[in-house]
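J.: What follows is a single structure, and I will ask about it in a moment.
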Amino acid sequence: MKKIFAMILALTMSFALVSCGGNSATSSGAGSADDGTLKLAEPGVLTMGTNATFPPYEFYEGDKIVGIDTDLSAAIAEKLGLELKVVDMEFGALIGAVQSGKIDMCLAGMTVDPERAKNVDFSDSYATGIQAVIVAEGSDITSVDDLNAKLEAGEDFLIGTQESTTGYIYSSSAPEDGGFGEEHVIAFSAGAAAVQALQQGKVDCVIIDIEPAKAFVEANEGLKLLDTEYVSEDYAIALPKDNAALQDAVNNALAELIEDGTVQKILDQYIKAD
Ligand code: GLN
């Protein structure tokens, strides 16, 4: 995991095009689905979009994007006999890129969400996530209940989040919907920027997915991950609604990879039991 933490320092929101050195040889496996009829962003290539600021799901190791989502994408591409290409973009641009066909699928620790499902279809879930809370050591916030108590007492407090993510969507929603109201939430362009704001005392906590939260806490002095769960959610692959053949191919490949234990193996490789 050390490498992962080092990579956080080098997180970049730049648009980069990274070939993941995927397998271009045609797979002869039972799952091989591309007989040339799949409508893809590039013929013979499975183009996966992600936002590589989300360890251990996607992060830079040198100039290469690695992680759970790239390994899973490589396994899917291999099953389909396609070369894998990984495209890094802003998290908020991913759904539009799937819709426009610029990318064939998105794997970005992306939570299944009804609003997103209006624009893309989601595969079966391949992992679960938790929206976790990071505070500065010594903070009077020790649980989600403490945040609710502050809200009820009319106290001032600010939550840092990453824009376009469910952490932002949930926490900025109205109190009757389980949120804290927009006035208590700031959206930063990246999770790392939210964490920096926490270190500088500009926000009182950060709400973000638990795996990157662990990495941020490990990599930055003076932060603490609370033993509290704000929301638990499912991660899935976002696929274009208007491309049934691609949907079937990816869904079948994923089902096989779940069934034969490959998905669990990939998860275990990056997420060590506490
Ligand atoms: N799981 C969160 C979401 O889907 C965050 C994902 C991310 O930042 N890559 O909004």
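J.: Among the residues of region 163-184, count how many are closer than 18 Å to Glu229 by Cβ and surrounded by 13 or more Cβ atoms within 10 Å (Cβ to Cβ).
T.: Result for region 163-184: 11.
J.: Oh, and also: Name the residue, out of Asp268, Asp274, that is over 30 Å from Pro43 (Cα atoms), modelled with pLDDT of 95 or more and away from the ligand (no atom under 16 Å from the Cβ).
T.: Asp268
J.: Determine which single condition Thr166 fails, assuming it passes every other condition in (1) of a type outside the set (A, V, I, L, M, F, W, C); (2) out of contact with any Asp or Glu (no Cβ under 9 Å at 6 or more places or on another chain); (3) in contact (Cβ under 8 Å) with a residue 40 or more places away in the chain.
T.: In the conditions (1) of a type outside the set (A, V, I, L, M, F, W, C); (2) out of contact with any Asp or Glu (no Cβ under 9 Å at 6 or more places or on another chain); (3) in contact (Cβ under 8 Å) with a residue 40 or more places away in the chain, Thr166 misses (2) alone.
J.: Do we have any residue at all in region 141-159 that's within 16 Å of the ligand (Cβ to nearest atom) and either touching a helix residue (DSSP H, G or I) at 6+ places or on another chain (Cβ under 8 Å) or in a loop (DSSP other than H, G, I, E, B) (or both)?
T.: First, the residues of region 141-159 that are within 16 Å of the ligand (Cβ to nearest atom): 159.
Still in the list and also either touching a helix residue (DSSP H, G or I) at 6+ places or on another chain (Cβ under 8 Å) or in a loop (DSSP other than H, G, I, E, B) (or both): 159.
The answer is yes, given that some residue of region 141-159 is within 16 Å of the ligand (Cβ to nearest atom) and either touching a helix residue (DSSP H, G or I) at 6+ places or on another chain (Cβ under 8 Å) or in a loop (DSSP other than H, G, I, E, B) (or both).
J.: Follow-up. Being free of Cβ contacts under 8 Å to residues at least 24 places away in the same chain and either within 22 Å of Gly96 (Cα to Cα) or of a type outside the set (A, V, I, L, M, F, W, C) (or both) narrows it down to one of Glu233, Glu229, Glu221, so name that one.
T.: Values: Glu233 fails: free of Cβ contacts under 8 Å to residues at least 24 places away in the same chain; Glu229 fails: free of Cβ contacts under 8 Å to residues at least 24 places away in the same chain.
Checking each option against the conditions leaves just Glu221.
J.: Hey, does region 64-76 have a residue that's under 13 Å from the mean Cα position of the chain (by Cα) and at positive phi?
T.: Within region 64-76 (the criterion being under 13 Å from the mean Cα position of the chain (by Cα) and at positive phi), the answer is yes, since at least one residue qualifies.
J.: Answer yes or no as to whether Asp35 is at pLDDT below 95 and assigned to a loop (DSSP other than H, G, I, E, B).
T.: It is true that Asp35 is at pLDDT below 95 and assigned to a loop (DSSP other than H, G, I, E, B).
J.: Same structure, new question: Do you know which of the residues in region 47-58 that are closer than 17 Å to Gln99 by Cβ and either more than 9 Å from the ligand (Cβ to nearest atom) or part of a loop (DSSP other than H, G, I, E, B) (or both) is farthest from the chain's Cα centre (by Cα)?
T.: Thr47
To keep it simple, each residue is scored yes or no on (1) modelled with pLDDT of 95 or more; (2) within 12 Å of the ligand (Cβ to nearest atom); (3) within 22 Å of Ala273 (Cβ to Cβ).
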{"residue": "Ala187", "(1), (2), (3)": "yes, yes, no"}
{"residue": "Gln200", "(1), (2), (3)": "yes, no, no"}
{"residue": "Ile208", "(1), (2), (3)": "yes, yes, yes"}
{"residue": "Val217", "(1), (2), (3)": "yes, no, yes"}
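J.: Still on this structure: Among the residues of region 38-46, are any surrounded by 23 or more Cβ atoms within 10 Å (Cβ to Cβ) and part of a strand (DSSP E or B)?
T.: yes
J.: When region 91-117 is examined, which residues are found to be more than 10 Å from the ligand (Cβ to nearest atom), surrounded by 15 or more Cβ atoms within 10 Å (Cβ to Cβ) and assigned to a loop (DSSP other than H, G, I, E, B)?
T.: Hits for region 91-117 are Gly101, Lys102, Ile103, Asp104.
J.: Here's a follow-up. Identify the single condition in (1) buried (at least 24 other Cβ atoms within 10 Å of the Cβ); (2) free of Cβ contacts under 8 Å to residues at least 12 places away in the same chain that Ile68 does not satisfy, given that it satisfies every other one.
T.: Tallying (1) buried (at least 24 other Cβ atoms within 10 Å of the Cβ); (2) free of Cβ contacts under 8 Å to residues at least 12 places away in the same chain, Ile68 fails exactly one: (2).
J.: Further, regarding this structure: Kindly provide the set of residues from region 118-140 that are part of a loop (DSSP other than H, G, I, E, B), in contact (Cβ under 8 Å) with a residue 12 or more places away in the chain and away from the ligand (no atom under 13 Å from the Cβ), ordered by number.
T.: Answer for region 118-140, where residues must be part of a loop (DSSP other than H, G, I, E, B), in contact (Cβ under 8 Å) with a residue 12 or more places away in the chain and away from the ligand (no atom under 13 Å from the Cβ): Asn119, Glu137, Ser139.
J.: Within the bounds of region 208-215, is there any residue that is closer than 30 Å to Gly81 by Cα, in contact (Cβ under 8 Å) with a residue 40 or more places away in the chain and of a type outside the set (Gly, Ala, Ser)?
T.: No, that holds for no residue.
J.: Additional query: Just for region 251-266: of the residues that are within 18 Å of Phe122 (Cβ to Cβ) and either small (Gly, Ala, Ser) or touching a helix residue (DSSP H, G or I) at 6+ places or on another chain (Cβ under 6 Å) (or both), which one is surrounded by the fewest Cβ atoms within 10 Å (Cβ to Cβ)?
T.: Here the residue is Ala255.
J.: Residue check, Ser164 against (1) at negative phi; (2) at pLDDT 95 or above; (3) polar (S, T, N, Q), all met but one. Which one?
T.: Among (1) at negative phi; (2) at pLDDT 95 or above; (3) polar (S, T, N, Q), Ser164 violates only (1).
J.: Determine which member of the set Leu225, Leu239 is touching a helix residue (DSSP H, G or I) at 6+ places or on another chain (Cβ under 8 Å), surrounded by fewer than 20 Cβ atoms within 10 Å (Cβ to Cβ) and of a type in the set (A, V, I, L, M, F, W, C). If you could, list the steps in order and put the result at the bottom.
T.: Working: Leu239 fails: surrounded by fewer than 20 Cβ atoms within 10 Å (Cβ to Cβ).
Of Leu225, Leu239, the one residue that is touching a helix residue (DSSP H, G or I) at 6+ places or on another chain (Cβ under 8 Å), surrounded by fewer than 20 Cβ atoms within 10 Å (Cβ to Cβ) and of a type in the set (A, V, I, L, M, F, W, C) is Leu225.
The values are calculated or read from the model by the stated rules, or taken from the named source; none is laboratory data. None of the values given here were measured: they were computed from a predicted structure. Cβ coordinates were reconstructed from backbone atoms using ideal geometry, including for glycine residues, and neighbour counts include every protein chain displayed.
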